[in-house]
Amino acid sequence: MTAPIVAFFNNKGGVGKTSLVYHLAWMYADTGKRIIAVDLDPQSNLTSFFLTDEQIEQTWKDKNSPNTIFRCIQPLIKGIGDILEPDLIEVEIESVSLVLLAGDLTLSEFEDDLATVWPECADGRERAFRVMSAIWRVIQKATTDYEADLILVDMGPNLGSINRAVMISTDYIIIPLAADLFSVQGLRNLGPTLNRWRQQWQERAVKNPAVDLEIPAGRMQPMGYIAMLHAERQSRPTKAYQRWLAQIPSVYQAEMMGEIKDPPPTFDKDPNRLGTLKHYRSLMPMAQEVHKPIFY
């Protein structure tokens, strides 16, 4: 059994998604798990958490090495070959280590290619399947090389073609949410979109003409959500945030799970709520500045 790929995704930004991936990666690594953190956001925010500016500059200057996700798929985009073996970056803190598949600003150039080949998969064109599965196949190579136990994926906050290719590559999806109108509305957009992508990929996958080309299953199973609280008073969310927290369980069930329960579970007893995180205020930017999780 290959290591599970878990993506953290919300089409709304500013919900602590990258910070969550970063800290969970170190928490799992601290228990002895072999973790790969994958930065699939063209803005490369996760990479900037792990590496200093100097390290990132050196990584991007080394253009002959497949040390970013974009460089691993570049030969396929240029039509001069297939994906390359990823050059993973090892990061260590206090004798705890994990590896990073670094992000790349030029990954955004892949957007148009992925938009073009998506309908071509429906026609059974082999190159289209090679392009659509490229990100997943790079992750699989990294998983095998590193003998990983778990892959944690960070993504950009949009519903574009890059994220569609990432989504079909994932086994599980976790939704970080804020207690506000935009996160609740984002769920209403996100659920139907993911369901549509899953169904469309399953319809396309059976048309893959290459017997030697392994492609992702497009599982995309929602695991639940994590609510980020913006403010607390006496260890409880303020009334303004309680209003939106109360809506999340029913919206998540309806849009992500396709279920309607009457009455819906309360926020405190919602089985889809994986956890709630308080606002850590200045600790988070301080952690990013020193490239260490807050518990180190």
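Odds and ends about this structure:
- Per-residue surface analysis assigns Thr31 an accessible area of about 100 Å², computed on protein heavy atoms at 1.4 Å probe radius.
- Applying a DSSP loop filter and a limit of 15 other Cβ atoms within 10 Å to the GluC sites (Glu not before Pro) in segment 82-117 leaves Glu94.
- Residues in segment 169-179 carry Karplus couplings, in order, of 8, 9, 8, 9, 10, 10, 10, x, 10, 9, 8 Hz; the curve used is 6.51 cos²θ - 1.76 cosθ + 1.60 with θ = phi - 60°, and Gly or Pro positions show x.
- When the charge dipole of the chain is built from unit charges on Cβ atoms (+1 for Lys and Arg, -1 for Asp and Glu) and taken about the Cα centre, the candidate among Phe110, Leu20, Ala142 whose Cα reaches farthest toward its positive end is Leu20.
- Dividing the summed helix terms, -39500 (n - 2.57) for each DSSP H run of n ≥ 4, by the number of residues in the chain produces a 222 nm estimate of -13000 deg cm²/dmol to the nearest 500.
- Given Lys239/Lys269; Lys33/Lys292; Lys17/Lys292; Lys239/Lys278; Lys61/Lys292, the pairs whose alpha carbons are separated by over 20 Å: Lys61/Lys292
- Counting DSSP beta bridges with both ends in the chain, the antiparallel % (nearest 5): 20 percent
- Solvent-accessible area, 1.4 Å probe, carbon plus sulfur percent, for segment 158-262: 47 percent
- Among the protein heavy atoms, those of Leu274 account for about 90 Å² of accessible surface (1.4 Å probe, every chain in place).
- Along the axis of the charge dipole computed for segment 138-246 (Cβ charges of +1 for Lys and Arg, -1 for Asp and Glu, origin at the Cα centre), the listed residues Ile151, Tyr225, Leu181 are led at the positive end by Leu181.
- Among Arg273, Arg188, the order of accessible area from largest down is Arg188, Arg273, computed with a 1.4 Å probe on protein heavy atoms.
- Residues of segment 170-214 with an amide N closer than 18 Å to a point placed 7 Å from the Cα of Ala122 along the Cα-to-Cβ direction: 193-209.
- Solvent-accessible surface (1.4 angstrom probe) belonging to Lys63, in square angstrom, nearest 10: 150 Å²
- Taken per residue, the accessible surface of the chain reaches 47 Å², heavy atoms only and a 1.4 Å probe.
- Convex hull projection area averaged over all views, segment 120-191, Cα basis, nm²: 6.2 nm²
- Hydrodynamic radius by Kirkwood, which averages 1/r over all alpha carbon pairs of the chain, in angstrom: 19.9 Å
- The local environment of Thr52, defined by Cβ-Cβ distances under 13 Å, has a net charge of -3 under the rule Lys, Arg +1 and Asp, Glu -1.
- In segment 1-119, the portion of solvent-accessible area held by carbon and sulfur atoms comes to 48 percent [1.4 Å probe, whole percent, DNA, RNA and ligands not counted].
- Note on Lys78: aspartates and glutamates with a C-alpha under 18 Å away, same-chain residues under 8 apart excluded, are Asp104, Glu109, Glu111, Asp112, Asp113, Glu120, Glu126.
- Inter-label distance, nm, simple model (7 Å from Cα along the C-beta direction), His291/Asn64: 2.4 nm
- Most positive-pole-ward Cα, Asn272, Gln242, Trp201, against dipole of segment 166-296 from beta carbon charges: Gln242
The values are calculated or read from the model by the stated rules, or taken from the named source; none is laboratory data. No experiment lies behind these values; they were computed from the predicted model shown. Because the Cβ atoms are built from the backbone with ideal geometry, glycine has one as well, and the counts that use them run over all protein chains shown. With ligands, DNA and RNA removed, areas are computed over all heavy atoms of the protein, side chains included. Shrake-Rupley method; radii C 1.70, N 1.55, O 1.52, S 1.80 Å.
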